[in-house]
Amino acid sequence: MSRGPVFWGVIGIIGAIIGVVCAVGLPFLVSFIVDQQLRLQPGTIMYNFWENSPVPMYIRFYMFNVTNSEDVLNHQAKPIVEEIGPFTYTEVHERVNVERYDNFTLKFQQKRYWQYVEEMSNGSLDGLITNLNVPLLSAANAIRYKPQFIKFGFNEFVDRTNTEIFVTKTVNELLFAGYSDALLNFSQLIPPGYLDIPPGYDKFGWFYNRNGSETYDGVFNIFTGVDDISKLDVMDMWNYTRQTKYYESYCGMVNGSFGEGWPPRRERTSIEMYSTDLCRSITLDYTQDVSKKGVTFYRFAGTERMFASVQENPENWCFWSGDVFNLSGVTNSSTCRYGSPAFVSFPHYYLADSFLQNQVDGLNPHQDLHEFHVDLEPRTSVPLQVNARFQINILLESIKGIRILKNVTQVYMPVMWFGVTADLTDNLLGWIHFTLIGPYIGSFCFFLLFVASMVVVAKSGIKYAKMKKNTTQKRGDNNGR
């Protein structure tokens with residue numbers, strides 16, 4: 001027996017209700033599910049990504065070779081530098097000593113592993129690089145305000161050990177292997193507390209003893225976002241404190257994310273992250289929209305105000321200390337680097353004061369090559385691309401009472417720069433795209449169900465009305481007989 005119009009009308013009304021409820025509610029349901037999966041708790045997608053990132057990460061090192069070191073010392077010539085590299089390594093992060101707390105934070109340390117990738121490199125790890133003697137300049141800077149008898153002993157030690165201002169070492173020694181140094185060897189004999197040098201620092205290398213170390217990056221404490229998704233990945237403490245000793249006032253506060261994740265729902269404003277390499281927070285400003293395969297990302301980049309002088313950005317006053325002249329384009333990292341006269345900038349002094357760019361020959365700042373930026377999908381804050389680029393510079397200057405530095409000309413010498421890159425795979429980008437547009441496709445389909453159901457209801461109503469009319473006419477005809 002065929003179904004009547006009443007049946008189909010009821011089915012149509014049910015379908016219309018389902019269609020309108022799902023069309024309106026599906027985006028909210030998917031948004032709720034996405035937020036649940038973004039939280040840092042065991043079992044979620046984000047937690048799995050946090051433990052083992054599916055995105056390949058690389059770090060590329062570029063060394064600056066000083067080609068006229070003798071003229072720099074003997075004739076006060078302008079240094080000429082030659083960029084050598086890149087020397088490319090894979091970078092893998094392992095979270096260890098993870099603990100969860102009742103205030104919706106988790107504590108962890110991380111091991112970073114680097115493996116050389118020869119086919120992605122340009123140059124040999126055995127190649128020789130000439131640049132400043134960092135242990136010498138660090139020791140000289142550490143005693144610059146000490147009594148003269150200490151400087152006298154230092155001068156004698158430098159003379160007896162034939163220590164020079166410039167050294168020539170292999171790339172591998174300067175990066176990971178490290179090299180022995182007379183000053184470092186002597187520092188190991190000094191009781192702890194007299195010099196700001198960590199124990200076991202028996203060789204010098206920028207990444208010496210860092211490969212696989214669980215202590216170097218410190219102890220992180222971050223919010224999981226379980227109670228408040230807007231605090232996801234935000235730092236609560238670093239090394240058990242919210243106020244570090246490296247900078248005074250708010251400059252020493254531990255702010256922003258831990259650098260590998262950000263809270264969702266970003267606006268076109270700025271993002272903040274805490275850099276353990278700089279011992280400070282940095283702010284990246286929104287600069288433009290970036291699109292790839294139908295997905296829009298917000299680009300947040302390091303701008304002039306990050307390393308601006310106090311005159312250009314008064315908020316940066318507490319990132320400077322001592323009697324070092326405040327220049328735009330560099331930040332004083334000496335307190336973070338055991339007293340070494342280290343200054344951090346963007347590569348090739350990109351966005352820096354022209355005075356810094358012109359102190360040496362061989363630099364060519366370019367936005368595409370030297371900008372620090374992060375591209376985030378605004379709804380989920382999943383990064384499309386990360387290009388974290390910094391340059392390390394050492395201040396060479398005359399220090400009263402230090403003979404070897406008596407006649408040097410002040411220069412912020414570029415030593416090396418590095419860039420950490422991570423690019424979202426096409427497979428993950430496809431899932432992000434589906435997550436963003438899927439709910440709206442579903443809503444459209446349910447809207448079509450609503451329209452189709454209303455058509456069924458309308459047709460059923462028309463058919464039912466005709467049936468009623470025919471029934472009434474037949475009754476009238478029968479009564480007329």
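Could you derive backbone 3J(HN,Hα) for the range 137-144 from the dihedral phi with the Karplus parameters 6.51, -1.76 and 1.60 (θ = phi - 60°), listing whole Hz in sequence and x where the residue is Gly or Pro?
5, 5, 5, 4, 5, 5, 10, 4
Kindly state, to the nearest 0.05, the FRET efficiency for Gln148 paired with Tyr116, given R0 = 56 Å and r defined as their beta-carbon distance.
0.75
Lys and Arg at +1, Asp and Glu at -1: add these up for the other residues within a Cβ distance under 15 Å of Met63 and post the number.
Computed value for this residue: -1.
Can you give the extra length, in nm with one decimal, that the chain gains between Ser124 and Asn211 once fully stretched, where that is 0.36 nm per residue apart less the Cα-Cα distance? Write out the running numbers ahead of the final one.
Working: separation 87, 0.36 × 87 = 31.32 nm, distance 1.96 nm.
Separation in residues times 0.36 nm, less the Cα-Cα distance, equals 29.4 nm.
Would you mind checking which residues have amide H under 5 Å from Phe297's amide H? H placed 1.01 Å from N; only 5 or more apart, or other chain.
Those qualifying (amide H under 5 Å, at least 5 residues apart or on another chain) are Val290, Ser291, Lys292.
What nm value, rounded to one decimal, do you get for the distance between Glu99 and Asn162 when each label is placed 7 Å out toward the C-beta?
Computed distance between label sites Glu99 and Asn162 equals 5.2 nm.
For the range 233-369, what percent of Cα pairs sit more than 17 Å apart?
On the way: 6018 of 9316 pairs.
Everything past 17 Å amounts to 65 percent.
Taking amide H positions as placed 1.01 Å from N in the peptide plane, with prolines and chain starts having none, which residues 5 or more places from Ser275, or on another chain, fall under 5 Å of its amide H?
Long-range HN contacts for Ser275: Arg280, Ser281, Ile282.
For a test of understanding, tell me how many lysine pairs in the range 31-188 have Cα atoms under 28 Å apart, given they are 8 or more places apart or on different chains.
Final tally of qualifying lysine pairs is 4.
Would you work out what percent of the accessible area of the range 251-335, with all protein chains in place, is carbon or sulfur (probe 1.4 Å)?
48
If the convex hull of the alpha-carbon atoms of the range 327-418 is projected onto planes in all directions, what is the mean projected area in square nanometres?
Projected over every direction and averaged, the Cα hull of the range 327-418 covers 7.8 nm².
Using just the C-alpha positions of the range 93-146 as equal point scatterers, what log10 of I(q)/I(0) does the Debye formula give at each q in 0.14, 0.20, 0.21, 0.29 1/Å?
-0.81, -0.83, -0.85, -1.10
The values are calculated or read from the model by the stated rules, or taken from the named source; none is laboratory data. None of these values were measured; they are calculated from a predicted model. Positions of Cβ are generated from backbone atoms using ideal geometry, with glycine treated the same way; all protein chains shown enter the neighbour counts. Just the protein is used for accessible areas: all its heavy atoms, side chains included, with ligands, DNA and RNA removed. Shrake-Rupley method; radii C 1.70, N 1.55, O 1.52, S 1.80 Å.
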